[in-house]
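Before any comments, here is the structure.
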Amino acid sequence: MAPMTINVNEANLVFHLQTDHTSYIFRIMENGEAGQIYYGQKIHVQPNYKNLTSREWRDDNPSLSEEDPNFQPPAIKSEYASLGKGDFRYPAFQVTQENGSRITELTYDHYQLLNGKSRLADLPSTFDDANDDAQTLVLSFKDQITGLTLELNYSIFPHQDVIVKSAKFTNPSSEKLVLNRALSSQLDLPDSNYDLIQFSGTWARERHLYRNQLRPGIQSISSLRTSSSHQQNPFMMLARPQTTDEQGDVFGFNLVYSGNFLDSVEVDQYDTSRILTGINPDEFGWNLAPQTSFQTPEAILSYTTEGMNQLSQQMADFYSQHLVNPRFTHEDRPILINNWEATYFDFNEAKLMTIVNQAHQLGIEMFVLDDGWFGHRDDDTTSLGDWFVDKKKFPNGIEHFSQQVHDLGMKFGLWFEPEMISIDSDLYQKHPEWMIHDPKSTPTPGRHQFVLDMTRPEVIDYLYDLMSHMIESANLDYIKWDMNRHITEMFSSELTSDQQLEMPHRYILGVYQLYDRLTKAYPNVLFESCASGGGRFDLGLMYYAPQAWTSDDTDAAERMLIQFGTSYGYPQSMMGTHVSAVPNDQMGRITSLKTRGAVAFFGDFGYELDITKMAPEELDQIKDQVAFYKQYRHLFQFGKFYRIDSPFVGSGNVISWQVVSDDRKQAIAARYQLLNHPNAPYTRFYFKGLDPNQQYQINDDAETYYGDELMNAGYFVPTILADGKESKDFYSQLFVAKAV
Ligand code: DGJ
């Protein structure tokens with residue numbers, strides 16, 4: 001059992017949560033609510049924190065009482081605030097009573113300390129299955145008006161400096177209550193001298209970094225698409241203005257959730273910052289019927305004084321130990337070939353077998369059959385929902401095709417888009433009512449398709465049966481679970497009128513339920529999530545599907561930016577990264593096979609092009625890439641990741657990053673250049689994270705260098721190429737450092 005890292009001062013009701021390097025402190029205040037005291041670098045445990053809780057009167061209203069004029073709700077730092085008792089900032093929760101009142105008076109009742117961290121019942125969550133790492137504090141409050149109870153859950157994971165927070169509401173009364181908002185975490189920081197760093201974009205341009213100074217008022221990142229979305233990612237950071245990847249204070253916030261979310265920062269009149277994280281209160285309303293509970297998703301908070309690389313690394317370590325399915329935590333992911341960009345819908349078994357055979361000769365380990373194998377889907381207008389093999393394309397069934405792949409010693413994976421329905425489908429003929437729509441309104445198509453009502457248990461059963469049939473009959477090793485449109489006409493005739501605002505969350509619970517059933521029944525099937533590329537790149541799905549298709553943009557130069565941005569919040573093992581054809585289908589850009597490989601190596605590597613049309617020299621190059629990746633696969637997928645030159649800072653023309661093994665005996669750095677410029681300056685590459693006292697060889701050259709030299713003095717990078725032929729636009733160099 002881990003030493004106690006949650007300190008409770010019973011007399012003063014002060015709670016001090018310590019991780020290896022951080023302290024999170026709060027207390028029960030005069031009004032019975034929890035008040036935030038401190039979150040940051042570790043400090044000593046004290047009986048109280050007078051210095052941190054001192055107040056002085058401001059010319060502002062109201063106060064707790066005439067006797068206590070310094071307790072002014074608009075000025076206090078709170079742990080989980082309501083609206084209506086004098087704190088006018090946006091609240092963490094709001095409950096409506098039967099009479100319409102939204103006033104609550106939640107006061108502290110008791111606390112409980114638990115070893116470990118158990119999983120949540122219906123939501124993806126963090127865990128400490130061995131019960132030997134985490135500790136959990138449950139703080140209970142009772143509403144003096146309605147009897148409603150609130151549990152604030154705090155789990156600390158000391159070694160990764162992570163705190164996981166969530167809230168649970170229970171209605172023990174006979175009154176019908178409605179939750180209008182129920183965020184997962186609130187954090188009130190004492191000042192606003194931070195930059196908000198967010199990861200935003202759109203389809204094919206996901207998770208670019210945006211950094212802006214906080215300003216008074218609300219600033220937020222959110223989604224109302226019933227998906228975490230390409231547009232905004234739930235991961236964000238607050239960093240001091242001088243913080244870089246290398247050094248400085250930074251907080252990270254993320255949410256274990258895949259639906260509508262809100263991350264907001266409110267800078268108030270006294271320059272404090274309130275950070276709220278959770279389900280978006282817009283398009284949300286939950287009936288808390290008598291004797292029922294509502295559990296929020298979990299929010300992840302992490303902090304370091306050592307810069308954003310350190311923050312990313314500690315969160316990556318945390319996800320691998322406490323979020324991702326342990327079955328896949330350390331298992332090397334197979335090198336795959338996917339037929340999507342090779343064939344789109346135009347394929348049959350014979351054509352695919354030529355790709356499979358070629359792939360096998362090149363050492364590729366898995367074939368993934370993408371969209372178009374079912375119904376009569378020769379384009380994207382039809383057949384979603386009919387998860388039956390198209391006998392025209394596979395006269396002998398998928399079983400036979402899969403058998404041939406397996407006979408070569410390769411794995412076999414299959415694409416599904418379970419949540420969707422085409423009007424042109426047998427499923428629609430049978431169950432038009434399963435499609436999400438509002439009978440009074442014209443359904444809005446997206447990519448010619450509509451969405452199934454995942455709040456209906458019979459829909460989940462239908463999908464479970466068909467998918468499990470395919471898993472068993474085709475002996476699937478892998479599933480790519482796609483989702484290619486956002487939801488409109490959010491309405492379900494199955495739900496009562498006052499339940500309609502529950503639907504966005506219920507939809508996501510339905511998705512989780514299907515994932516849960518499938519991953520439990522077929523624990524060895526590796527799932528990769530996808531939503532038109534990176535539209536659901538979130539921790540909720542990572543719990544079930546340990547990797548995700550990073551973006552539909554497979555152009556190497558665009559991928560440098562997308563993967564760089566994604567790396568702030570998610571490790572390489574979560575990113576699907578493939579080499580595709582040139583000119584690139586999304587960008588029309590030509591980059592060398594070498595550069596396409598050098599970018600895709602830093603993730604779950606694969607190919608997505610027609611290798612039967614490639615020249616022999618290119619096939620030789622692919623063979624070498626596959627062999628190289630196999631040699632360093634674990635390092636590429638699970639090594640410690642360092643960002644070095646950012647595309648989001650300065651001209652962004654040079655981009656570099658690096659992976660290092662845990663024992664620091666191996667490292668691979670990549671340096672990419674977007675456009676070439678004449679007479680380049682003399683250039684050095686500064687390695688990160690090496691052992692200063694260890695000697696290394698670079699790319700097997702005879703010379704050796706100490707780690708301290710490579711990190712502090714740099715490694716000379718030649719910019720004049722020997723053969724003079726290779727284009728230096730989109731040029732890449734890899735430096736493999738090996739301890740000698
Ligand atoms: C979108 C995905 O991101 C692609 O990789 C591919 O699977 C298509 N959907 C298939 O329709």
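What follows draws every value from the coordinates through simple rules; no lab data is involved. Given the structure is predicted, the values throughout are model-derived calculations rather than measurements. Every residue, glycine among them, receives a Cβ derived from its backbone with ideal geometry; neighbour counts consider all protein chains shown.
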Note to self: So the label point goes 7 Å from the Cα of His159 along Cα→C-beta, right? Which residues of segment 322-337 then have their backbone N under 20 Å from it?
What the structure shows: 322-332
Next item on the list: Sort Lys520, Lys480, Lys665 so the one with the fewest other Cβ atoms within 10 Å of its own Cβ comes first.
Entry: Lys520, Lys665, Lys480
Notebook entry, point to check: Using the reciprocal of the averaged 1/r over all distinct C-alpha pairs, how large is the Kirkwood radius of segment 221-347 in Å?
Noted result: 17.8
Next item on the list: For segment 6-310, state what percent of all Cα-Cα pairs lands in each successive 20 Å bin, counting from 0 Å until the bin that includes the largest distance.
Entry: 33, 61, 6
Checklist line | Peptide ranges 589-598, 621-630, 276-285, 213-222 listed from the most packed, as the mean C-beta count within 10 angstrom indicates | finding: 276-285, 589-598, 621-630, 213-222
Item checked: Stretch gain in nm, segment Asn212-Tyr706, where the contour uses 0.36 nm per residue and the Cα spacing is subtracted -> 174.0 nm
Checklist line | Rounded tilt (10° steps) of 556-567 against the dominant C-alpha axis of the chain | finding: 30
Note to self: I need the per residue convex hull volume for segment 147-256, using only the alpha carbons, in cubic angstrom as a whole number.
What the structure shows: 161
Note to self: Distances longer than 34 Å among the Cα atoms of the chain: what percent of all pairs is that?
What the structure shows: 50
Next item on the list: Write down the percent of antiparallel bridges among all DSSP beta bridges whose residues are both part of the chain, to the nearest 5.
Entry: 80
Next item on the list: Evaluate E = 1/(1 + (r/R0)^6) for Thr329 and Asp465, where r is the Cβ-Cβ distance and R0 equals 25 Å; express this FRET efficiency to the nearest 0.05.
Entry: 0.25
Check: Taking the convex hull of the alpha carbon atoms in segment 645-739, what volume per residue do you get, in Å³?
Finding: 104
Note to self: Sequence gap at least 6, Cα distance under 8 Å: using those rules, report the relative contact order of segment 311-385 to the nearest whole percent.
What the structure shows: 30
Check: What 222 nm value per residue comes from the helices of the chain, counting each DSSP H run with n ≥ 4 as -39,500 (n - 2.57) and dividing by all residues, nearest 500 deg cm²/dmol?
Finding: -6000 deg cm²/dmol
Check: Share of antiparallel DSSP beta bridges in segment 439-592, in percent to the nearest 5?
Finding: 10
Next item on the list: Work out from phi, with θ = phi - 60° and the Karplus expression 6.51 cos²θ - 1.76 cosθ + 1.60, the ³J(HN,Hα) of each residue of segment 620-628, listed in order in whole Hz, and give x for Gly and Pro.
Entry: 4, 5, 5, 4, 5, 4, 4, 5, 4
Next item on the list: Quick one: angle between helix 349-362 and the longest Cα principal axis of the chain, in degrees between 0 and 90, rounded to 10, please.
Entry: 90
Check: Got a sec? Charge dipole of the chain, +1 on Cβ for Lys and Arg, -1 for Asp and Glu; which of Leu288, Pro583, Tyr682 is way out at the positive end?
Finding: Tyr682
Checklist line | More than 24 angstrom apart: percent of Cα pairs within segment 1-114 | finding: 34
Note to self: To the nearest 20 Debye, how big is the dipole of the chain about its Cα centre, given +1 on the beta carbon of each Lys and Arg and -1 on that of each Asp and Glu?
What the structure shows: 800
